[in-house]
């Protein structure tokens with residue numbers, strides 16, 4: 001977890017994503033009482049622990065079912081029909097972490113394609129605030145997609161009010177202010 005995300009609830013929850021790992025050695029000290037598993041056994045560990053043990057070659061991290069090739073193939077066919085929030089509310093962020101741990105470049109490509117396709121749906125829908133299916137649609141979105149949707153919806157409302165002279169100036173979307181802060185501190 002990057003240092004800047006230490007107090008972020010989203011980062012903490014993302015780090016709890018279960019990751020299947022295969023033990024390469026039997027741990028005898030420290031975590032042995034918690035992780036009592038012989039070499040070759042597969043267990044699910046939280047992402048933060050899997051990352052730490054994988055970096056020391058104690059375990060071999062595997063890609064979980066939520067990011068497996070069949071799941072990614074289904075997303076390539078029609079990404080908008082799947083409820084990624086049911087798979088993992090932090091689907092993309094966890095996927096990037098998993099791709100780094102497992103050296104899986106295909107996973108990154110599939111995540112980028114899926115995000116781009118779903119982003120088009122978000123852009124088409126956020127302007128329609130009276131859409132009766134908006135609640136159902138929002139439930140399918142990951143936390144990042146939900147932030148984009150809400151930010152787009154607010155921006156659309158502000159723009160509409162500005163055009164009708166109900167606002168003196170257009171306000172910045174919170175999501176753009178956040179990215180500007182990150183750019184300034186980096």
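With respect to residue 123, is the statement that it is at pLDDT 85 or above and not assigned by the TED database to the domain that holds residue 24 true?
Numbers: at pLDDT 85 or above: no; not assigned by the TED database to the domain that holds residue 24: yes.
Criteria not met by residue 123.
Considering only residues that are surrounded by fewer than 17 Cβ atoms within 10 Å (Cβ to Cβ) and part of a loop (DSSP other than H, G, I, E, B), which ones fall in the range 105-128?
Listed by number, the residues that qualify are 127, 128.
Mind listing whichever residues of the range 36-53 are in contact (Cβ under 8 Å) with a residue 40 or more places away in the chain and surrounded by 19 or more Cβ atoms within 10 Å (Cβ to Cβ)?
Here is the first cut: in the range 36-53, the ones in contact (Cβ under 8 Å) with a residue 40 or more places away in the chain are 47-48, 50-51.
47, 50, 51 - these are the residues of the range 36-53 that are in contact (Cβ under 8 Å) with a residue 40 or more places away in the chain and surrounded by 19 or more Cβ atoms within 10 Å (Cβ to Cβ).
When residues of the range 69-103 are filtered for being surrounded by 14 or more Cβ atoms within 10 Å (Cβ to Cβ), at pLDDT below 90 and either outside any helix (DSSP H, G or I) or on the phi > 0 side of the Ramachandran plot (or both), how many remain?
1
Of the residues 88, 103, which single one is over 14 Å from the mean Cα position of the chain (by Cα) and closer than 22 Å to residue 49 by Cα? Lay out the reasoning, then the answer.
Values: 88 fails: over 14 Å from the mean Cα position of the chain (by Cα).
Matching residue, one of 88, 103: 103.
Of the numbered conditions (1) assigned to a helix (DSSP H, G or I); (2) in contact with a helix residue (DSSP H, G or I) (Cβ under 9 Å, 6 or more places away or on another chain); (3) farther than 21 Å from residue 22 by Cα, residue 50 fails exactly one; give the number of that condition.
(3)
I'd like to check something: does the range 67-76 contain any residue that is more than 18 Å from the chain's Cα centre (by Cα), outside the structural domain of residue 157 (by the TED database) and without any contact (Cβ under 8 Å) to a residue 24 or more places away in the chain?
No.
What number of residues within the range 22-38 are part of a loop (DSSP other than H, G, I, E, B) and at pLDDT below 70?
Residues meeting the conditions: 4.
The values are calculated or read from the model by the stated rules, or taken from the named source; none is laboratory data. What you are looking at is a predicted structure, and each value in this text was computed from that prediction instead of being measured. Backbone-built Cβ (ideal geometry, glycine too); neighbour counts: all protein chains shown.
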